[in-house]
Structure formats: C-alpha cells, structure tokens
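Asker: Okay, handing you the structure first.
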Amino acid sequence: MGTTAVEHLKALPLFAGVSDDGLARVAAVATEFEAPAGRVLAEIGQPGNGMFVVEEGEVAVELPSGGEAVLGHGEFFGEMALLIDEPHSARVRAKTDVRCIALSRRDFSALLDEEPRVAVAMLPVLARRLRGAI
Ligand code: CMP
C-alpha cells in the first residue's frame, strides 16, 4: 500500500483498536485493488482466498435467500469462507466502481492471532449477518 497506508487503515473501524505497529504490519501485507461496477469479487460456492475491506464505493452481497446486502466504506466481506474454511456463502459484486483492501488468507489468519481486537470488532458484524440469515 502507499505511504499514507497506516492513515487509511486507521480510518476503518475494523482496525480502530490496532496499534500503529500492528497497522504498519497490516499495511505491509495488504494490497489495494480497484474493480469496475459489475465485477464479481467473490463467487458463491468458490473457495475463499482473502478478506476484503471496502474503501470506496459499494458492493452488493447477493444473499442465497434472494435479498441483497449493500456494503460500503469500512465494511468487509469474504471473511466467512476463511473463518470456517468453507466456500463463499454468497456472490459479492461491485455495485459501483470500488476500491478495496485485500488481505490473503494467511495474512488474515496472522492478523487475528496478533491483533485479537480485530476479531472482536468483527463479532457484532457477524452476529448481525447471522441474524439476517435466521
Ligand atoms: P463469504 O461467505 O466468504 O463470501 C460471501 C460474503 O458475503 C460472506 O463471506 C460475507 O462477507 C458476506 N455476507 C454474507 N452474508 C451476509 C449478510 N447477511 N450481510 C452482509 N454480508 C454478508
């Protein structure tokens, strides 16, 4: 990521509890990518390769129930496949042009080990996603 990477990460609630050293480690391994509206970023039934945080724009999660969840700045996706080592539970596509941060499976796992606050920050989001599914 660029020189302002730590500042970028700090602005995301997911990383709010992470020390500057921790953020520097995340910035060193995270990659940023842009995708045009319509691009599929995670496909239902496919294995997960990474966890993604939306920096700019919006993605649509096509829920198997038929509904759609829209995720924007600071929200993350792709985590479920990594946490339980099962295929993606939904298709995620860019609803607008998007810029996202990507963490590989291995780096995501290391981040949770080193910065448990990230895992804690994910819990209410996961609870809300689960509640939406039951
Ligand atoms: P994963 O199963 O890896 O791939 C699809 C992703 O969509 C999933 O991880 C979550 O990141 C996201 N997702 C699944 N269900 C919901 C939901 N109810 N609301 C928002 N995002 C969801």
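The values are calculated or read from the model by the stated rules, or taken from the named source; none is laboratory data. Quantities reported herein were computed from a predicted structural model and do not represent experimental measurements. We place every Cβ from the backbone using ideal geometry, glycine too, and count neighbours over all the protein chains shown.
Asker: Of the residues that sit in the range 74-105 and are in contact with a helix residue (DSSP H, G or I) (Cβ under 8 Å, 6 or more places away or on another chain) and away from the ligand (no atom under 11 Å from the Cβ), which one is farthest from THR31 (Cα to Cα)?
Answerer: GLY74
Asker: Considering the range 72-106 alone, what residues qualify as being in a helix (DSSP H, G or I) and of a type in the set (Lys, Arg)? Before the answer, list the steps.
Answerer: The initial filter retains those residues of the range 72-106 that are in a helix (DSSP H, G or I), namely 79-84, 105-106.
If the condition is that a residue be in a helix (DSSP H, G or I) and of a type in the set (Lys, Arg), then ARG105, ARG106 are the ones that fit.
Asker: Residues of the range 5-26 being assigned to a helix (DSSP H, G or I) and more than 14 Å from the chain's Cα centre (by Cα), which ones?
Answerer: ALA5, VAL6, GLU7, HIS8, LYS10, ASP20, ASP21, GLY22, LEU23, ALA24, ARG25
Asker: Moving on to the next point. Provide a single number: the residues in the range 60-78 that are under 11 Å from the mean Cα position of the chain (by Cα) and either under 14 Å from THR96 (Cβ atoms) or among the aliphatic types (A, V, I, L, M) (or both).
Answerer: Taking the range 60-78 and keeping what is under 11 Å from the mean Cα position of the chain (by Cα), we get 71-78.
The next check asks that each one be either under 14 Å from THR96 (Cβ atoms) or among the aliphatic types (A, V, I, L, M) (or both); those that pass are 71-73, 75.
Matching residues across the range 60-78 total 4.
Asker: Name the residue that is surrounded by the fewest Cβ atoms within 10 Å (Cβ to Cβ), counting only residues in the range 36-71 that are in a strand (DSSP E or B) and near the ligand (Cβ under 7 Å from one of its atoms). Break it down into steps so the answer makes sense when it comes.
Answerer: Step one: filter the range 36-71 for residues in a strand (DSSP E or B), giving 40-42, 50-56, 59-62, 68-71.
Now narrow it down to the ones that are near the ligand (Cβ under 7 Å from one of its atoms): 42, 61, 69, 71.
Values: ALA42: 22, VAL61: 23, ALA69: 16, LEU71: 20.
Applying the filter and picking the extreme gives ALA69.
Asker: So for the range 76-99 (the condition being of a type outside the set (Lys, Arg) and in contact with a Ser or Thr (Cβ under 6 Å, 6 or more places away or on another chain)), does at least one residue qualify?
Answerer: Of all residues in the range 76-99, those of a type outside the set (Lys, Arg) come to 76-90, 92, 94, 96-98.
If we keep only those that are in contact with a Ser or Thr (Cβ under 6 Å, 6 or more places away or on another chain) as well, we get 80.
Checked the range 76-99: at least one residue is of a type outside the set (Lys, Arg) and in contact with a Ser or Thr (Cβ under 6 Å, 6 or more places away or on another chain).
Asker: Being closer than 23 Å to GLN46 by Cα and without any contact (Cβ under 8 Å) to a residue 12 or more places away in the chain narrows it down to one of LEU82, LEU112, LEU103, so name that one. Explain how you work it out, then say what you get.
Answerer: Details: LEU82 fails: without any contact (Cβ under 8 Å) to a residue 12 or more places away in the chain; LEU103 fails: without any contact (Cβ under 8 Å) to a residue 12 or more places away in the chain.
The match here is LEU112.
Asker: Within the group VAL70, VAL18, which residue is among the β-branched types (Val, Ile, Thr) and under 24 Å from ILE134 (Cα atoms)? Outline the logic, then answer.
Answerer: Working: VAL18 fails: under 24 Å from ILE134 (Cα atoms).
Answer to the selection: VAL70.
Asker: Can you tell me which of (1) part of a helix (DSSP H, G or I); (2) modelled with pLDDT of 95 or more; (3) under 13 Å from the mean Cα position of the chain (by Cα) is the one ALA127 doesn't meet?
Answerer: In the conditions (1) part of a helix (DSSP H, G or I); (2) modelled with pLDDT of 95 or more; (3) under 13 Å from the mean Cα position of the chain (by Cα), ALA127 misses (3) alone.
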